[in-house]
Amino acid sequence: MISNIEAAIVERLAEQCGDLVDRVYTAAEASQVDEQLQLCPNLTVVYNGYTTAGDIAGGVVQGVAFEFLVIIAIRNAQGTNRSTGAREDASPILDAVIEALLNWRPVDGGSILRLQDAPGATFSDAGFAYYPLALKVTRTYRAGGV
């Protein structure tokens, strides 16, 4: 299930935001690329765990909320430590990602994607800024099958 959702999100972002970014990475792909060699700007889709989302009929039916981060990576040495230059570069990409994913259903049997609270931006000494956006999709499972 996780890889299906991840693949669907990556595909959707490539289709909807491909003109704004140089690459849409999976977490596995991004981990294989040295920070200095990553194509920027880019998006990386990262599975961020799950939470239970309800227990019905004594545990026979269980909701599971899968969370994914979409991380916008920007290289902008000018203002990166103050976040101003990178933030300006990231803003239209962030808007496009939200428009592409919000209320979109990535897999059959799952809910539409909903925004979640996300961690703040981080900045590297190498001149990169990373802006995460958190989303979740919920799926209901029934004991003995979906």
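Each value in this text was obtained by applying a stated rule to the coordinates, not by laboratory testing. As the structure is a computational prediction, the values presented were derived from the model and not from experiment.
Stretching Asp108 away from Glu15 to a fully extended chain increases their span by 31.6 nm, per 0.36 nm per residue minus the current alpha-carbon distance.
Could you tell me how many degrees, from 0 to 90 and to the nearest 10, lie between the Cα long axis of helix 84-101 and the main elongation axis, the longest principal axis, of the Cα atoms of the chain? Result, in degrees: 30. Starting from the Kirkwood Rh over alpha-carbon pairs, what translational D in µm² s⁻¹ does the chain have by Stokes-Einstein at 10 °C and 1.306 mPa s? Once the numbers are plugged in, D ends up at 99 µm²/s.
For the chain, the longest principal axis of the Cα atoms and the long axis of helix 2-17 meet at an angle of about 40 degrees. Relative contact order, whole percent, for the chain stands at 25, derived from Cα pairs under 8 Å and 6 or more residues apart.
Here the sum of -39500 (n - 2.57) over DSSP H runs of 4 or more residues, divided by the residues of the chain, equals -8500 deg cm²/dmol at 222 nm, to the nearest 500. Applied to the range 120-130, the Karplus parametrisation 6.51 cos²θ - 1.76 cosθ + 1.60 on θ = phi - 60° returns per-residue 3J(HN,Hα) values of x, 5, 10, 10, 9, 5, 7, x, 10, 10, 10 Hz, with x for Gly and Pro. The HN-Hα couplings worked out from phi for the range 33-39 by the Karplus form 6.51 cos²θ - 1.76 cosθ + 1.60 (θ = phi - 60°) are 10, 4, 3, 5, 9, 5, 6 Hz, whole numbers, x standing for Gly and Pro. Highest mobility in the GNM of the chain, judged by mean-square fluctuation with C-alpha springs under 10 Å and restricted to Ala14, Ala118, Ala90, is found for Ala118.
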